[in-house]
Amino acid sequence: MLLTTEDLGDLPNVTAADIDRILPTDSFGKFAILSQAETIFIQAGNDWQVGPECAAFLKQHNSDPWVLEYRDGKSGKQYQAKGRLTLDQVRLAFLSYLAGGNDWLKAHAWEELQL
């Protein structure tokens, strides 16, 4: 699989160790995409916005709020996890996705995006 981030670019043949090294800090930028193919992926984006809601999230979770999405290769549909996640939740989802498991899918409620 290929890991693409805003500041680090592309990392082919990514490993769990790579994800554990890169994702715990936000030094990789404002987004990360873990892709099996161009149209099959899981991705996360930083959703920091100035205001009391984000400040409260940061204070409660010690993490910026993140949005998690995936594109299903069979249907071509894209989904977004409901609510905001911590960076550690994103890391765990990426690790599960990389391992071929579906814990990442079961851990969140999803809504289809209209693209």
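Among PHE57, PHE94, the order by Cβ neighbours within 10 angstrom, fewest to most, reads PHE57, PHE94.
Of THR5, GLN43, ALA107, which is farthest towards the positive pole of the chain's charge dipole, taken about the Cα centre with +1 and -1 on the beta-carbons of Lys, Arg and Asp, Glu respectively? Toward the positive end, the furthest listed residue is ALA107. Remark: relative contact order (the chain) = 21 percent; criterion is Cα-Cα distance under 8 angstrom and separation of 6 or more residues.
Scaled against 2.2 N^0.38 Å for its residue count N, the alpha carbon radius of gyration of the chain is 1.02.
Can you flag which of LYS59/LYS106; LYS74/LYS106; LYS30/LYS74 are past 20 Å Cα-Cα? Result: LYS59/LYS106; LYS30/LYS74 exceed 20 Å. Rounded to the nearest 20, the size of the Cβ-charge dipole of region 2-112 about its Cα centre is 260 debye, with Lys and Arg at +1 and Asp and Glu at -1.
Read-outs: derived from the displayed coordinates by stated rules, not from any lab. Fair warning: this is a prediction, and the values are worked out from it, not measured in the lab. In this analysis, Cβ positions are derived from the backbone assuming ideal geometry, glycine residues included, and neighbour counts consider all displayed protein chains.
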